[in-house]
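Report on one structure; see the data block that follows.
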Amino acid sequence: MTSRFICVHGHFYQPPREDPLTREIPVESGASPFPNWNERIHAECYRPNAELGNFSRISFNIGPTLCEWMASTHPDTLNAIISQDRENMRLHGVGNAMAQPYHHSILPLASYRDKVTQVSWGIADFEHRFGRKPQGMWLPETAVDLETLCVLTDHGIEYTILAPWQAEAENLDDTQPYRVDLPGGRHMTVFFYHAGVSSGVSFNPDLTVNADHFASRELARQFPPAGTRRKGPRLMLIASDGELYGHHQPLRDHFLQHLLNHASEPAGLKPTFPALWLKSNPPKRTVRIRENTSWSCHHGVERWRGKCECTPGDGQWKYRLREAFNRLAASLDDIYAREAGAFTPDVWKFRDAYIAVLLGQRPAEDLIWEQAGRRLDAEQTARLRKLLEAQYERQRMFASCAWFFEDFDRIEPRNAVAYATQAARLTCQATGVDLSEQLVKNLSKVISSRTALKGDTVFRRYWR
């Protein structure tokens with residue numbers, strides 16, 4: 001019986017690209033011959049991996065906003081992916097899909113209330129699509145702090161995956177899961193991926209040309225030889241962006257299929273996934289995490305709030321953009337709490353419950369009247385609906401993609417400003433309170449070092 005196991009985790013996610021007014025993705029010339037990047041990546045990655053059955057053999061998460069797009073444009077692909085998780089449920093009693101917070105925001109930089117909303121919305125989306133409760137949740141950019149882990153466990157999440165440098169340990173054994181103790185007697189199970197192999201798979205295409213060689217030479221040698229002192233099963237977890245397999249690196253969807261179905265067994269390796277591993281191998285050791293850390297920034301979470309060596313150029317725009325959004329969010333929340341508080345005793349549970357409307361599970365009016373405890377008139381109902389829509393856009397503007405790259409003049413930051421603009425517009429329509437003047441002032445300090453584009457210029461394109 002083998003004692004050497006491997007798990008490939010694919011993080012599948014795309015930045016939100018929809019115009020907040022039309023709800024459509026504009027034509028993106030760089031994605032030619034496809035109309036936009038979502039379509040191109042679907043054709044090169046999501047569909048072929050689903051057709052090859054790869055989603056049945058890996059651990060994976062799909063961003064809820066990507067699921068929403070796929071459900072409306074390519075439901076056959078999404079259904080094929082979901083069916084592969086369900087087959088694992090049938091065979092093993094546990095699934096291999098993980099949930100993800102809804103908008104891919106950096107949770108250590110979010111307020112407690114926003115953490116709760118993002119996690120609860122992500123879980124609700126997962127249950128809606130996969131038909132079961134998630135055991136695991138992938139954190140955006142694996143960015144973590146103790147409060148985030150507390151929110152996860154409070155919502156029934158059992159495990160997550162982190163980078164090894166996010167552990168506060170000198171001799172971390174990344175072949176075993178660990179228990180992280182949390183305040184109030186709570187705890188979270190954490191898997192740590194193999195840094196060297198994960199990095200090689202992600203950034204060295206030569207390493208993954210031949211799945212047989214990769215399994216027998218690269219993976220097998222990572223395990224200690226037979227007869228060594230330490231006994232028991234070991235798990236090597238390889239984590240990367242899922243779009244690597246076929247989009248970022250052509251033909252790697254076929255590499256993945258051959259690795260997990262044919263090449264692993266001759267090399268003495270058995271594929272598995274975290275929920276299945278935990279059935280026989282619960283964590284035996286504890287570890288502390290390094291708070292405010294992530295997998296794609298070795299400076300913690302600086303990449304998403306200021307100047308950082310991970311991205312070249314002047315990072316001041318990142319700090320100023322986050323500051324502008326934080327100030328807008330505070331104003332939006334104050335207005336929402338005051339207005340909604342006149343009808344419901346817990347405005348934040350009201351916001352969390354709005355996911356049922358976003359998923360098409362119930363009309364907005366039903367939710368509003370239920371929370372109010374009575375049927376409201378048309379004007380009151382419309383006002384509350386717009387405030388909830390504004391809260392959705394306010395959540396969406398914090399998607400991590402806005403800060404990931406080196407310059408403001410990119411589609412991701414511009415889209416984030418568009419969502420912020422829509423949040424301010426909807427609030428103004430609902431209440432008459434105009435937040436645009438302060439937002440323009442704050443966004444005027446957000447300047448591209450490459451093209452001199454300013455945030456207030458982008459705002460005015462959408463404030464119409």
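What to note about this one:
- Cβ separations smaller than 7 Å between residues 6+ apart or across chains give the following pairs from the range 323-341 residues that are without any contact (Cβ under 8 Å) to a residue 24 or more places away in the chain to residues that are hydrophobic (A, V, I, L, M, F, W, C) and crowded, with 18+ Cβ neighbours inside 10 Å: Ala337/Val347; Gly341/Val347.
- Check on Ala324, over 25 Å from Thr142 (Cα atoms), buried (at least 17 other Cβ atoms within 10 Å of the Cβ), small (Gly, Ala, Ser) and at pLDDT 95 or above: no
- Among the residues making up the range 393-404, a single one is surrounded by fewer than 24 Cβ atoms within 10 Å (Cβ to Cβ) and over 20 Å from Val144 (Cα atoms): Glu393.
- The single residue among Ala169, Ala143 that is hydrophobic (A, V, I, L, M, F, W, C) and within 17 Å of the chain's Cα centre (by Cα) turns out to be Ala143.
- In the range 2-21, the residues that are assigned to a strand (DSSP E or B), of a type outside the set (A, V, I, L, M) and in contact with a Leu (Cβ under 8 Å, 6 or more places away or on another chain): Arg4, Phe5, Cys7, His9, Gly10, Phe12
- Qualifying position, being in the same structural domain as Asp434 (by TED's automatic domain parsing), farther than 19 Å from Ala424 by Cα and not in a helix (DSSP H, G or I), among Gln371, Gln361: Gln361
- Helices (runs of 4 or more DSSP H) fully within the range 28-121 that include at least 1 residues being within 15 Å of Phe398 (Cβ to Cβ): 64-73.
- Unmet requirement for Ala97, which otherwise passes all of (1) within 19 Å of Glu68 (Cα to Cα); (2) out of contact with any helix residue (DSSP H, G or I) (no Cβ under 8 Å at 6 or more places or on another chain); (3) aliphatic (A, V, I, L, M): (2)
- Identification of helices (runs of 4 or more DSSP H) wholly contained in the range 375-464 with 2 or more residues that are aliphatic (A, V, I, L, M) yields 378-396, 411-431, 436-443.
The values are calculated or read from the model by the stated rules, or taken from the named source; none is laboratory data. Nothing here was measured: the structure is a model prediction, and the numbers come from that model. Note that we place each Cβ from the backbone using ideal geometry, even for glycine, and neighbour counts take in every protein chain shown.
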